[in-house]
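Heads up: the structure comes next, in structure tokens.
The values are calculated or read from the model by the stated rules, or taken from the named source; none is laboratory data. Worth saying up front: this structure is predicted, and the values here are computed from it rather than measured. Here the Cβ is made from the backbone with ideal geometry for all residues, glycine too, and neighbour counts use every protein chain on show. These area figures cover heavy atoms from the full protein model, side chains too; ligands, DNA and RNA do not enter into them. Shrake-Rupley method; radii C 1.70, N 1.55, O 1.52, S 1.80 Å.
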Amino acid sequence: MSRTPLIAGNWKMFKTGPEAVAAATSLAGLASDVADTDIMIAPAFLSLPLVSEAVAGSNVKLGVQNLFYENEGAYTGEVSAAMVKAAGADYAIIGHSERRQYFGETDDAVCRKVKASIDGGIIPILCIGETEVQREDGKTFSVLDKQISNGLNNFCSRDLSSLVIAYEPVWAIGTGKTATPDQVAEIHGNIRSLINKLFGNELAMSIRILYGGSVKPDNVSELMSLGDVDGALVGGASLDAETFIQIIRYDK
Ligand code: PGA
């Protein structure tokens, strides 16, 4: 089964509204002839409506870096799937390691956010990854298995047809260290097997599994050449349109 590659940019807490519009406009121009690869950028919530206008009609789709699992209510400071959808987002990054680490996001909350995304017509990008200590302790596979089983608890495969998984080893995020191709191939193969075990072969074959963690123009081609890598989730190197387009055109 052919899976359309997805190259996704996570802008984290960078760029004011005007800066986000400038970068997104430039990216939309540079990416105008890209075919067969899905492109997404996730600016800060505040910039979303502005950036949505800037990329309207282009190849560049929008995402958010988080959302809350309730539809509406007295949840000070939170934003719902319906709100981000109305502001132009098609994707939501869920359970990023920075949210787990700094904001105490649990697998249970992640699971509810995945559900809220799907119910709201938003494609969830479920992030998983082990820390350096967990890897050194030989716990990588058990950590990832738990993040997936708990994060996707009580779903059936039909619900998950749009789901994207992003494997991001925590020790590789923003550090300049990338997992080796052998490590990535092994983990991605393992994730696909787990999806097969939990949800069956059809979802396992169609689900897109991205790699994230210090993806750059000079390492993306090798990562994308691995059979089970269907795209990249890119932080630092997505901030500059000229750099990010080189990642998007990894096969050129
Ligand atoms: P990085 O971030 O590309 O800067 O390592 C990746 C991410 O956090 O998604």
- Within the range 44-95, considering residues that are of a type outside the set (A, V, I, L, M, F, W, C) and within 16 Å of the ligand (Cβ to nearest atom), the one most open to solvent (accessible area, probe 1.4 Å): Q65
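Mind checking which residues of the range 112-132 are open to solvent by less than 20 Å² (accessible area, probe 1.4 Å) and either part of a helix (DSSP H, G or I) or at pLDDT below 95 (or both)?
Narrowing the range 112-132 to residues open to solvent by less than 20 Å² (accessible area, probe 1.4 Å): 113-114, 116-117, 122, 124-130.
Those that are open to solvent by less than 20 Å² (accessible area, probe 1.4 Å) and either part of a helix (DSSP H, G or I) or at pLDDT below 95 (or both): K113, V114, A116, S117.
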- Query: Here are some conditions: (1) in contact with a strand residue (DSSP E or B) (Cβ under 9 Å, 6 or more places away or on another chain); (2) away from the ligand (no atom under 12 Å from the Cβ); (3) part of a helix (DSSP H, G or I). Y250 meets all but one. Which one does it not meet?
  - Reply: (3)
